[in-house]
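Peer 1: Here's a structure for you.
The values are calculated or read from the model by the stated rules, or taken from the named source; none is laboratory data. A quick note: this is a predicted structure, and the numbers were derived from the prediction, not measured. Every residue, glycine among them, receives a Cβ derived from its backbone with ideal geometry; neighbour counts consider all protein chains shown. Note: accessible area is taken over every heavy atom of the protein model, side chains too, but ligands, DNA and RNA are not part of it. Shrake-Rupley method; radii C 1.70, N 1.55, O 1.52, S 1.80 Å.
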Amino acid sequence: MENNVCLELAKLGYIAVIVAYRDQPAVNWNDGGVSWNANCEMLATDLSNVANTIITKYGAGLTRAKVITGGVSYTSYALLSNIAVSTTLANTKGVLATCGSTGSWQAQNFKIPVYTINCAGNPEGDLSGQALINAITNPSIKSNSGFYLDNACSTHCGGNITTWTTKMIDRVKIWVP
């Protein structure tokens, strides 16, 4: 899916890249979130550094206010966590979060808008789709966020790649016309 989204964005004149990020050491689920938050920050830092490199190399009006990050599954969960606890991506346009969810506290502390895509039936957790948008308390972030709930699937990341790609491209066009 990431390849499809990047290819379609490039056809429209956007710069789109897939970033290899660090996610080590392994998350210790018994440390109260310390290792999870550290891994989420490493991921956000890696995405941020790539954006900065592209902006520096190509310039031409590119700014962090035109940067959109995104991810599928693990990366989606990590970005939804990171944009609540960190400012690393706070000056970017938004997060495309596919096949992930987060908690109420995170949604109440988002620093940028989100667009989520999930299958019906909450396979990722309760706070995705409309429930996630409802939990966002910042009015500006809430009004610039959105979701697509795919009723044609009920598994983790089980949706139609073409449909999901189109939904993500449409959101990018809204955020960075």
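Peer 1: Condition first: within 22 Å of Leu7 (Cβ to Cβ) and either under 14 Å from the mean Cα position of the chain (by Cα) or in contact (Cβ under 8 Å) with a residue 40 or more places away in the chain (or both). Can you find one or more residues in segment 136-151 that meet it?
Peer 2: The answer is yes, given that some residue of segment 136-151 is within 22 Å of Leu7 (Cβ to Cβ) and either under 14 Å from the mean Cα position of the chain (by Cα) or in contact (Cβ under 8 Å) with a residue 40 or more places away in the chain (or both).
Peer 1: Please specify each residue of segment 28-46 satisfying the condition of being part of a helix (DSSP H, G or I) and more than 11 Å from the chain's Cα centre (by Cα).
Peer 2: Val34, Ser35, Trp36, Asn37, Ala38, Asn39, Cys40, Glu41, Met42, Leu43, Thr45, Asp46
Peer 1: Among the residues that make up segment 18-33, is at least one of them crowded, with 21+ Cβ neighbours inside 10 Å and touching a residue at least 40 places away in the same chain (Cβ under 8 Å)?
Peer 2: No, there is no match, as no residue in segment 18-33 is crowded, with 21+ Cβ neighbours inside 10 Å and touching a residue at least 40 places away in the same chain (Cβ under 8 Å).
Peer 1: If you don't mind, another one. Hey, can you tell me all the residues within segment 74-100 that are open to solvent by 10 Å² or more (accessible area, probe 1.4 Å), in a loop (DSSP other than H, G, I, E, B) and touching a Phe, Trp or Tyr at 6+ places or on another chain (Cβ under 6 Å)?
Peer 2: Listed by number, the list holds a single entry, Lys93.
Peer 1: Can you name the residue in segment 115-124 that is touching a helix residue (DSSP H, G or I) at 6+ places or on another chain (Cβ under 7 Å) and open to solvent by less than 10 Å² (accessible area, probe 1.4 Å) and, of all such residues, is nearest to Ala84 (Cα to Cα)?
Peer 2: My answer is Thr116.
Peer 1: Filter segment 7-17 for residues that are open to solvent by 40 Å² or more (accessible area, probe 1.4 Å), assigned to a loop (DSSP other than H, G, I, E, B) and either in contact with a helix residue (DSSP H, G or I) (Cβ under 8 Å, 6 or more places away or on another chain) or within 25 Å of Gln106 (Cα to Cα) (or both) and give the result.
Peer 2: Matches in segment 7-17: Leu12, Tyr14, Ile15, Val17.
Peer 1: Can you list the helices (runs of 4 or more DSSP H) found entirely within segment 110-177 that contain at least 2 residues being over 23 Å from Ala10 (Cα atoms)?
Peer 2: Output list reads 129-135, 139-143.
Peer 1: So how many residues does segment 137-158 have that are under 20 Å from Ile68 (Cβ atoms) and either charged (D, E, K, R) or modelled with pLDDT under 95 (or both)?
Peer 2: Matching residues across segment 137-158 total 2.
Peer 1: Further question: Here is a list of conditions, (1) among the β-branched types (Val, Ile, Thr); (2) out of contact with any helix residue (DSSP H, G or I) (no Cβ under 8 Å at 6 or more places or on another chain); (3) farther than 21 Å from Leu43 by Cβ, and Thr87 meets all of them except one; can you say which number that is?
Peer 2: So the condition that Thr87 fails would be (3).
Peer 1: A further question on this structure: Just one of (1) under 18 Å from Leu80 (Cα atoms); (2) surrounded by fewer than 18 Cβ atoms within 10 Å (Cβ to Cβ); (3) in contact (Cβ under 8 Å) with a residue 60 or more places away in the chain trips up Arg171, so point out which.
Peer 2: It is condition (2) that Arg171 fails.
Peer 1: Kindly evaluate Asn37 against the criterion of being open to solvent by 20 Å² or more (accessible area, probe 1.4 Å) and at pLDDT 95 or above.
Peer 2: For Asn37, the condition - open to solvent by 20 Å² or more (accessible area, probe 1.4 Å) and at pLDDT 95 or above - is not met.
Peer 1: Return the residues of segment 40-61 that are open to solvent by 40 Å² or more (accessible area, probe 1.4 Å) and on the phi > 0 side of the Ramachandran plot; say none if nothing qualifies.
Peer 2: If the condition is that a residue be open to solvent by 40 Å² or more (accessible area, probe 1.4 Å) and on the phi > 0 side of the Ramachandran plot, then Ala60, Gly61 are the ones that fit.
Peer 1: Another question about this same structure. Among residues belonging to segment 62-73 that are within 22 Å of Ile15 (Cα to Cα) and outside any strand (DSSP E or B), point out the one that is least open to solvent (accessible area, probe 1.4 Å).
Peer 2: Ranking the candidates gives Val67 first.
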